[in-house]
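Single-structure report; data block below.
Nothing in this text is a laboratory measurement; each read-out follows from the coordinates by a stated rule. Just so you know, these numbers come straight off a predicted model, no measurement behind them. Here the Cβ is made from the backbone with ideal geometry for all residues, glycine too, and neighbour counts use every protein chain on show.
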Amino acid sequence: MAVPRISLPLVSDEPLHVSVTRGGAEESCHAVDVALCDADGGVLVGLGEVERMVFPRSAMKPLQAIALSEAWDRMDEDRRLVPPEMSLVCASHNGQPEHVAAVRRLLDRFSLSEDVLSCGPQWSGDQPTLLRQARDLESPAPVHNNCSGKHAGMMVLAQCLGHDPAGYAALGHPVQQAILGTLEAMVGLDLIANPHGIDGCGAPALSAPLGNWARGFALFAGGGELTAGRLAACARIRHGIAAAPRMIAGDRRLCTALAEGFGDRITAKTGAEGVYGAAFHEFGLGAMVKARDGNSRAAGAAIAALIHALGYELGDPVRALSLAKLSNWAGQPVGDIRVGAPLMTG
């Protein structure tokens, strides 16, 4: 088990400072709020505004997937999701061929049409994948959307609950009501009382204080009291992501590198606008970080720094995608992304 490199609790009103250097001088910087909590909401690391209202966006996908995982007993044995599919329904994937094919196989197994997917068409945000798509496609379809796995899972959940999948992304649909109830139990709040809207993929976007989302991930990590059914549902998601790291994101992606590097010890998921969530299963703790300027590189650096502070060794793939050395177009080193005290001192 990892041994933290920092003394806990660690609480400061100052946010974490992420620095981007060039020629040894700071060129840019980001302020990141950090919450590491136990399943009772106790703050173990609180940097900046732990009560800051946050839309976790795709970082909450492992928590959203609990409702589907809990429908396990409603599925015929030959239809139950295999580990790569549990990873896929939590994914913000690159739209690589393996992701698209897996979404289609999942829908086909439940006799669901991809025409019902409401996430919208999307070109990949990964440059090599985008170039391949541009060569092979006239235009992308919803199945290429980075959230298509989540949406396919929601359609499957609709069928398991005995409802028409049409309109599954609307907040009033039974699918979203089931997910909402699960999320509220995990974060310990009436989420509809908080600001809420629509995510980029068309699904509901919910908000809660940073610390409450961290508390939800602590419960997911097994740090509190959950029913046997919910604990098993969380374990299926955890082990699915660990077993199929490429399905959670893909090539050149930090989520995949973290899943490959830490397996089922840590479940980590990025979200748009500079958010990262994580469950630390060995400690029964959960975390969420939010870059105030919405920058994803800052969130990735912050979650890596927190992992390091908790005593884990960051392998080269994780460092390369989070605390990166920066190069120019000729490959010459020009700077780096750094996180200093109190999470990293070296």
For region 177-255, size of Cβ-based charge dipole, Lys and Arg +1, Asp and Glu -1, in debye: 380
Highest average packing first - 34-40, 328-334, 21-27, Cβ atoms within 10 Å: 34-40, 21-27, 328-334
Whole-Å distance, taken between Cα centres, linking region 213-249 and region 126-174: 22
For region 10-339, convex hull volume per residue from C-alpha positions, Å³: 125
Spatial extent of region 160-238: Rg and Dmax, with the Cα atoms as the point set, Å: 13.5, 36
Cβ charges +1 (Lys, Arg) and -1 (Asp, Glu), total dipole of the chain, debye: 540
Residues of type lysines that residue 150 reaches as a straight line, Cα spacing below 18 Å, ignoring anything fewer than 8 places off in the same chain: 61, 269
Theoretical ellipticity at 222 nm over the chain - DSSP helices of four or more residues, -39500 (n - 2.57) apiece, nearest 500: -11000 deg cm²/dmol
Disulfide-incompatible cysteines by the Cβ rule (no partner under 4.7 Å) in the chain: 29, 37, 90, 160, 234, 255
Long-range amide H partners of residue 199 with built H, under 5 Å: 205
Region 263-346 - Rg (one decimal) and Dmax (whole number), Cα, Å: 13.3, 45
Overall Cα dimensions of region 40-149 - principal axes, largest extent first, Å: 49, 39, 21
Angstrom value of the Kirkwood radius, inverse mean 1/r, which spans all Cα pairs in region 184-282: 14.5
Sorted peptide list for 264-271, 310-317, 175-182, criterion being average Cβ within 10 angstrom, highest first: 264-271, 175-182, 310-317
Karplus 3J(HN,Hα) series, Hz, for region 325-333 with 6.51 cos²θ - 1.76 cosθ + 1.60 (x for Gly, Pro): 7, 9, 10, 8, 5, 8, x, 7, x
Charge dipole (the chain, unit charges on Cβ, about Cα centre) - positive-most of 93, 209, 53: 93
Residue 80/residue 170 FRET efficiency (R0 30 Å; Cβ-Cβ; nearest 0.05): 0.65
Estimated dipole of region 260-346 in Debye, rounded to 20 [Cβ of Lys and Arg +1, of Asp and Glu -1, Cα centre]: 240
Most to least packed among 129-138, 222-231 [average Cβ atoms within 10 Å]: 222-231, 129-138
Nitroxide proxy distance, nm - points 7 Å out along Cα→Cβ at residue 108 and residue 327: 4.0
Chain lengthening between residue 21 and residue 228 when straightened (0.36 nm per residue, less Cα-Cα): 69.7 nm
For region 105-201, diffusion coefficient by Stokes-Einstein and Kirkwood Rh (Cα), 20 °C, 1.002 mPa s, µm²/s: 143
